[in-house]
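Only the coordinates and a few stated rules stand behind these numbers; no lab work does. Values in this document were obtained by computation on a predicted structure and should not be read as measured data. Glycine gets a Cβ as well: all are built from the backbone with ideal geometry, and neighbour counts include every protein chain shown.
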Amino acid sequence: MRNVVLILLAALTASVSAHAQNQATTQIPPQPPQTARQALIEMFMGKSPDAFVKHLPTVANQALLRKGENAETSMVQKIAMISHQFAAQGHVETFDEGPMLLVSEQEEGKEKVKTEVTVERDNLMGESDEMEVSIHIYRDGQPEFLPVIPRLIFTMTQEKEVWRLTEATLAAHVPLTDPDYLKGVRKKKDESDEKMASGRVSMIAFTEKAYAAKHPDRGYTCKLSDLFSQQAATVPMDEQAAEYNSGLFDGDFAGYHVALSGCKGSPASKFQATAVPVDSDAGMKTFCADESGAVRFMVNGKGTACLSRGQVFIQGTAYSASED
């Protein structure tokens, strides 16, 4: 009986030992080697201060790093610090697989800004891997139009079993056959022209008051040259400012026709300033102002209608095309 018990205990011990070994083997699988994509993420988003340097080629380390340099004097460490600061701002999530490489969410004032870095292609060729990524920005959930869509091409090469960044290329993507992109370009240009036109009308209204105060016997004037010629002659300006102010002397600039009218009486006690889109079918705003100083606007409206029915324009406020 005693021998039977000893045999059973020995068998049970062997079984438990074998099970423990098998369990240990299944619980701690060998770590797969780091991919080029994981190395790229670690290089720019890694928490370790040496992560960036780790994935630089040996020749770059030898040429760019010197003993005694710190984050203030080393160019390489400055780049690494910028990456770490970006990673520390807001919420950043990275992905080892799939079409998304990185997603960053942060707040800029009252706006919520989301940045997505997507993988356009990933070509692994032996010990070399070339990844092309594009950047997309969203503000409060709406895609932000970028006139030039930035793309980055990273070339990673294995050196001593470590993936290292051997080349980085910045490419500009301009899809001239994409209707949505072309609409975005047109919208940005129209918004820029509208900003210039509203600013011009506001400047005219302000300068009219100064002119009338300086010439009480004349009052307001309906000549743009009276308002701006003396100012342009006495105020030094760079080439860009000179070009802008030269446009104030004539009626056409940045897709708008600017005009002054209504200067009746002696002295003139009234004036009307209007900026009307040259292309009447463009769907752009018309701007206007009078002696009250308030700038008004209408969409698809004429100058006279703007003065009588236009809404007060507030710079920086978004208006829809239906507001007229």
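Summary of computed values
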read-out: Distance violations [Cα-Cα > 28 Å] among 110/302; 114/302; 189/264; 110/187; value: 110/302; 114/302; 189/264
read-out: Inter-label distance, nm, simple model (7 Å from Cα along the C-beta direction), residue 172/residue 92; value: 2.7 nm
read-out: Virtual spin-label span in nm between residue 217 and residue 122, 7 Å along Cα→Cβ; value: 8.1 nm
read-out: Unit Cα scatterers, Debye sum, region 75-228: log10 I(q)/I(0) for q = 0.11, 0.12, 0.13 Å⁻¹; value: -0.68, -0.75, -0.82
read-out: Net charge, residue 139 excluded, C-beta distance under 9 Å - Lys, Arg +1, Asp, Glu -1; value: -2
read-out: Ordering of 168-174, 210-216 by burial proxy (mean other Cβ atoms within 10 Å per residue, highest first); value: 210-216, 168-174
read-out: Gain upon complete extension [residue 59, residue 151; 0.36 nm per residue less C-alpha separation]; value: 30.5 nm
read-out: Peptides ranked, highest mean first, by Cβ atoms within 10 Å: ranges 275-287, 143-155; value: 275-287, 143-155
read-out: Nonlocal amide H pairs with residue 112, under 5 Å, H built at 1.01 Å; value: 140
read-out: In order through region 299-309: 3J(HN,Hα) via Karplus (6.51 cos²θ - 1.76 cosθ + 1.60), integer Hz, x for Gly, Pro; value: 9, 6, x, 8, x, 5, 5, 4, 5, 8, 10
read-out: Under 9 Å, Cβ to Cβ, from residue 37 - net charge with Lys/Arg +1 and Asp/Glu -1; value: -4
read-out: Residue-count net charge about residue 149 - beta-carbon cut-off 14 Å; Lys, Arg +1, Asp, Glu -1; value: -4
